[in-house]
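The block underneath contains the structure these notes are about, expressed in structure tokens.
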Amino acid sequence: MAERYDLIVCGVGGIGSAALLAAAQAGLRVLGIEQFGYAHDRGSSHGQTRIIRTAYFEHPDYVPLAQESWRAWEEIQRRSDTLLLRSTGLIQVGLPESEVVRGVLASARRYDLPVREMTSAEVESRWPVFRIDPNEVGVFEEQAGYLRVERCVAQMIAQAKESGAEFLANQRVVSWNVEDNGDVVFRTTTGEFRALRAVLAAGPWSSQLIGDLGLDLRVVRKQQQWFQMDRPDVHEANGLSCFLFDQPDGVFYGFPAIDSLGVKVAEHSGGDAVSDPTMVDRELHDVEYQRVLDFVRKRFRFSRIRLTHYSVCMYTKSVDEHFIVDRHPQFPQVSFVCGLSGHGFKFAPVLGRHAVGLVSGRPNPHCRFLGLRRLAIEPGAARN
Ligand SMILES: Cc1cc2nc3c(=O)[nH]c(=O)nc-3n(C[C@H](O)[C@H](O)[C@H](O)COP(=O)(O)OP(=O)(O)OC[C@H]3O[C@@H](n4cnc5c(N)ncnc54)[C@H](O)[C@@H]3O)c2cc1C
């Protein structure tokens, strides 16, 4: 019989690497199984940067998780010799009644967060590179910035290994089941691995592992694009913060230039459906390129611009676009994290810890709102 781990993490991307770290630091004998390599570019956790913010427009219930995550990233950063987290602040712009502006202010009020309301003229005066309509407003959040996404994943795996975790790359889990004695057994392309408990963190591949739960996850293709502009003030070193615009035709966001690739810009809204995440089309599509370029032309002042790089990534959307983190209704020794809906990376340390906590008797009470209960999935309704 194969040796038995305390816990197996299936899928070691953004969330799985955090779960691996949490389990190892809790003293568990843990194995992570990943179908690709370290911090790879084929799932949802690549493309240089991810925004981290606290005054959460999607729902105030995320605020305690964001605060805890910020502290956790600082701790991971402290143990690392490379830069992971940069606090640049975040300017969010929209009409006063837009979802983003209203949502940021609601979270800031509920948790007494320092957020500065700005008129369009104030935004343009602080960042002359931007064009803001007179009827729009800005909300600037100081405790926000970006995470170097691949470095974060690589660091979490490295720190997990330092704490005793085992990591198996290039091994795809083909199936899993729970045996009569309660062991969770994973079959990969080359072998069989068993554990007392398991965390499933398969990102866009989640439906292949927990399709029995009927979660209606929708994977969509997202493009990230980098532009060089002939303005020195688009550089982080010259004071540009991260930015997010809630426009009537979509939500667009981006990052200051941090190297020669230039400013990174992407659209949060929209995205074409992906039927097989392994086969996602990685080409730059004209329509998406044009939408982002139109946004950049509308919002930035410059005279010359050049696309330097692009990258295709995937969102896995839940029905309500909130994360789904819970125990499997039929197998309490198995937890899962999925449906991060394009905003989950910043929370990785907290979600990873919670996923381990769910199967070790130490769940995070602040994560309760992310459970299955809201989706009316009843225990026992799943596979047989
Ligand atoms: C373009 C883009 C921009 C984003 N911007 C932000 C942002 O600014 N801020 C933010 O907080 N979030 C953002 N997100 C969302 C965030 O990046 C994702 O929610 C998060 O990284 C997802 O992590 P994950 O672990 O669920 O998925 P992944 O990182 O894809 O990890 C899943 C892992 O499971 C592995 N796997 C799957 N099936 C198997 C199997 N059968 N066997 C073995 N291994 C398997 C995969 O190979 C993969 O490594 C963005 C996402 C994208 C795509």
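From the list Ser175, Ser120, which one is polar (S, T, N, Q), within 18 Å of Val93 (Cα to Cα) and without any contact (Cβ under 8 Å) to a residue 60 or more places away in the chain?
When all the criteria are applied, what remains is Ser120.
What pairs come out if I take residues in segment 3-19 that are more than 6 Å from the ligand (Cβ to nearest atom) and open to solvent by 20 Å² or more (accessible area, probe 1.4 Å) and pair them with residues that are part of a helix (DSSP H, G or I) and among the hydrophobic types (A, V, I, L, M, F, W, C) whose C-beta lies under 8 Å away, six or more apart or interchain?
From residues that are more than 6 Å from the ligand (Cβ to nearest atom) and open to solvent by 20 Å² or more (accessible area, probe 1.4 Å), the pairs are Asp6/Ala23.
Among (1) away from the ligand (no atom under 11 Å from the Cβ); (2) open to solvent by 20 Å² or more (accessible area, probe 1.4 Å), which single condition is Gln48 missing?
Failed condition: (1).
Could you tell me whether Trp226 is aromatic (Phe, Trp, Tyr) and either part of a helix (DSSP H, G or I) or within 10 Å of the ligand (Cβ to nearest atom) (or both)?
no
State which residue is farthest from Glu236 (Cα to Cα) when the search covers only segment 1-16 and only residues that are part of a loop (DSSP other than H, G, I, E, B) and in contact with a Leu (Cβ under 9 Å, 6 or more places away or on another chain).
Within segment 1-16, the match that is farthest from Glu236 (Cα to Cα) is Gly11.
Among the candidates Arg187, Arg116, Arg197, single out the residue that is away from the ligand (no atom under 16 Å from the Cβ), assigned by TED's automatic domain parsing to the domain that holds Gly32 and not in a loop (DSSP other than H, G, I, E, B).
Residue meeting the stated conditions: Arg197.
Could you tell me which numbered condition Ala121 fails, if it satisfies all but one of (1) open to solvent by 10 Å² or more (accessible area, probe 1.4 Å); (2) in a helix (DSSP H, G or I); (3) closer than 30 Å to Asp276 by Cβ?
The one condition Ala121 does not meet is (3).
Would you point out the residue of segment 51-71, among those that are near the ligand (Cβ under 10 Å from one of its atoms) and not hydroxyl-bearing (Ser, Thr, Tyr), that is nearest to Leu200 (Cα to Cα)?
It comes out as Ala66.
Return yes or no: is Val219 within 24 Å of Leu358 (Cα to Cα), surrounded by 14 or more Cβ atoms within 10 Å (Cβ to Cβ) and within 11 Å of the ligand (Cβ to nearest atom)?
no
Just a yes or no: is a residue in segment 137-144 modelled with pLDDT under 95, surrounded by fewer than 21 Cβ atoms within 10 Å (Cβ to Cβ) and more than 18 Å from the chain's Cα centre (by Cα)?
The answer is yes; a qualifying residue exists.
Sort out for me the strands (runs of 3 or more DSSP E) sitting completely within segment 260-357 that have 1 or more residues that are over 28 Å from Thr88 (Cβ atoms) and within 13 Å of the ligand (Cβ to nearest atom).
Answer list for segment 260-357: 324-327, 334-338.
Taking the conditions exactly as written (touching a residue at least 60 places away in the same chain (Cβ under 8 Å), more than 10 Å from the ligand (Cβ to nearest atom) and touching a Leu at 6+ places or on another chain (Cβ under 9 Å)), does Gly182 satisfy them or not?
Yes.
The values are calculated or read from the model by the stated rules, or taken from the named source; none is laboratory data. None of the values given here were measured: they were computed from a predicted structure. As a convention, Cβ positions derive from the backbone with ideal geometry for all residues, glycine included, and neighbour counts pool all protein chains shown. All accessible areas refer to the heavy atoms of the entire protein, side chains included, with ligands and DNA or RNA removed. Shrake-Rupley method; radii C 1.70, N 1.55, O 1.52, S 1.80 Å.
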